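Engineer: Below is the structure I would like to discuss, written out as structure tokens.
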Amino acid sequence: MSSLKTTTWPFATLGVILSAYALYVEHKISHKQPEDEFSALCDIESIGASCSSAFSLPEGKMMSYFGIVPEGHVLDIPNAFLGVLYYTYWLALRPMFPVPLTTAISTLAMMSSVFLAYKLLVLQELCLLCLSTHLINLRLVLRAYVDYSKSKEPTIKEPPKIKRI
């Protein structure tokens with residue numbers, strides 16, 4: 001039976017794969033020599049899509065972009081690394097933590113996705129890899145809210161049995 005409640009592992013797995021590839025692309029771009037040739041699979045010139053240019057934006061490292069950590073700090077990590085952590089949490093760690101924590105983490109991930117999608121829209125950048133991860137985040141946050149709503153449902157107890165003497 002496939003439902004919103006039961007099928008998250010394929011999305012989280014795809015999220016890990018896409019985030020790992022995004023990390024690879026970011027690494028190649030940031031360490032590229034002028035004479036080096038590199039074209040990411042997600043750079044599709046015919047439709048104007050370029051994940052390479054999206055990853056090079058200041059928003060690509062949201063921790064320093066929002067001033068949570070200074071630029072260049074050890075925790076000034078790419079969003080893709082945060083994605084790997086988030087999707088790994090969904091794959092392996094989620095069952096060990098309370099549902100409200102998963103809901104909070106997923107809400108933060110979705111808020112990040114909305115912010116980044118808005119920035120790409122304003123800048124008129126098309127990033128298919130980014131769009132894919134935003135859709136995965138939407139799917140996972142919906143699952144988190146379903147789980148949360150189920151955890152808040154009152155349980156109906158059976159009335160006590162009357163003992164006959």
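Yes/no per residue for (1) part of a loop (DSSP other than H, G, I, E, B); (2) open to solvent by 80 Å² or more (accessible area, probe 1.4 Å):
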position: I68; (1), (2): yes, yes
position: G72; (1), (2): yes, no
position: T88; (1), (2): no, no
position: A92; (1), (2): no, no
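Engineer: Do any residues in the range 58-79 that are closer than 15 Å to S19 by Cβ have Cβ atoms under 7 Å from those of residues that are among the β-branched types (V, I, T), where the two are at least six apart or on different chains, and which pairs are they?
Structural biologist: K61/I77
Engineer: Do we find a residue being farther than 17 Å from A20 by Cβ, without any contact (Cβ under 8 Å) to a residue 12 or more places away in the chain, aliphatic (A, V, I, L, M) and not in a loop (DSSP other than H, G, I, E, B) anywhere in the range 136-154?
Structural biologist: So far as the range 136-154 goes, no, none of its residues is farther than 17 Å from A20 by Cβ, without any contact (Cβ under 8 Å) to a residue 12 or more places away in the chain, aliphatic (A, V, I, L, M) and not in a loop (DSSP other than H, G, I, E, B).
Engineer: Give all pairs with beta carbons closer than 7 Å in which a residue from the range 33-47 that is more than 12 Å from E125 (Cα to Cα) meets a residue that is open to solvent by 90 Å² or more (accessible area, probe 1.4 Å) and modelled with pLDDT under 85; count only pairs at least 6 apart in sequence or on separate chains.
Structural biologist: Once the first residue is more than 12 Å from E125 (Cα to Cα) and sits in the range 33-47, its partners that are open to solvent by 90 Å² or more (accessible area, probe 1.4 Å) and modelled with pLDDT under 85 give F38/K32.
Engineer: Another one. Is it the case that some residue within the range 121-137 is touching a Phe, Trp or Tyr at 6+ places or on another chain (Cβ under 6 Å), modelled with pLDDT of 95 or more and open to solvent by less than 60 Å² (accessible area, probe 1.4 Å)?
Structural biologist: Kept after step one, since they are touching a Phe, Trp or Tyr at 6+ places or on another chain (Cβ under 6 Å), are these residues of the range 121-137: 136.
Cutting the leftovers down to modelled with pLDDT of 95 or more gives us 136.
Subsequent filtering for residues that are open to solvent by less than 60 Å² (accessible area, probe 1.4 Å) retains 136.
Yes, the range 121-137 contains at least one residue that is touching a Phe, Trp or Tyr at 6+ places or on another chain (Cβ under 6 Å), modelled with pLDDT of 95 or more and open to solvent by less than 60 Å² (accessible area, probe 1.4 Å).
Engineer: Scan (1) farther than 18 Å from T13 by Cα; (2) open to solvent by less than 20 Å² (accessible area, probe 1.4 Å) for the single condition S149 breaks and write down its number.
Structural biologist: (2)
Engineer: If you don't mind, another one. Quick check on the range 19-37. Is at least one of its residues open to solvent by less than 30 Å² (accessible area, probe 1.4 Å) and touching a strand residue (DSSP E or B) at 6+ places or on another chain (Cβ under 9 Å)?
Structural biologist: No, every residue in the range 19-37 fails to be open to solvent by less than 30 Å² (accessible area, probe 1.4 Å) and touching a strand residue (DSSP E or B) at 6+ places or on another chain (Cβ under 9 Å).
Engineer: When you scan the range 106-120, how many residues do you find that are open to solvent by 60 Å² or more (accessible area, probe 1.4 Å) and either of a type outside the set (A, V, I, L, M, F, W, C) or under 30 Å from S39 (Cα atoms) (or both)? If you could, list the steps in order and put the result at the bottom.
Structural biologist: First, the residues of the range 106-120 that are open to solvent by 60 Å² or more (accessible area, probe 1.4 Å): 108, 111, 114, 118.
Add one more test, that the residue is either of a type outside the set (A, V, I, L, M, F, W, C) or under 30 Å from S39 (Cα atoms) (or both), and what stays is 111, 114, 118.
Residues in the range 106-120 being open to solvent by 60 Å² or more (accessible area, probe 1.4 Å) and either of a type outside the set (A, V, I, L, M, F, W, C) or under 30 Å from S39 (Cα atoms) (or both): 3 in total.
The values are calculated or read from the model by the stated rules, or taken from the named source; none is laboratory data. Not measured: the values here are computed from a predicted model. Here Cβ is always computed from backbone atoms with ideal geometry, including for glycine, and neighbour counts include all displayed protein chains. Just so you know, the surface numbers come from the protein's heavy atoms only, side chains and all, with ligands and any DNA or RNA stripped out. Shrake-Rupley method; radii C 1.70, N 1.55, O 1.52, S 1.80 Å.
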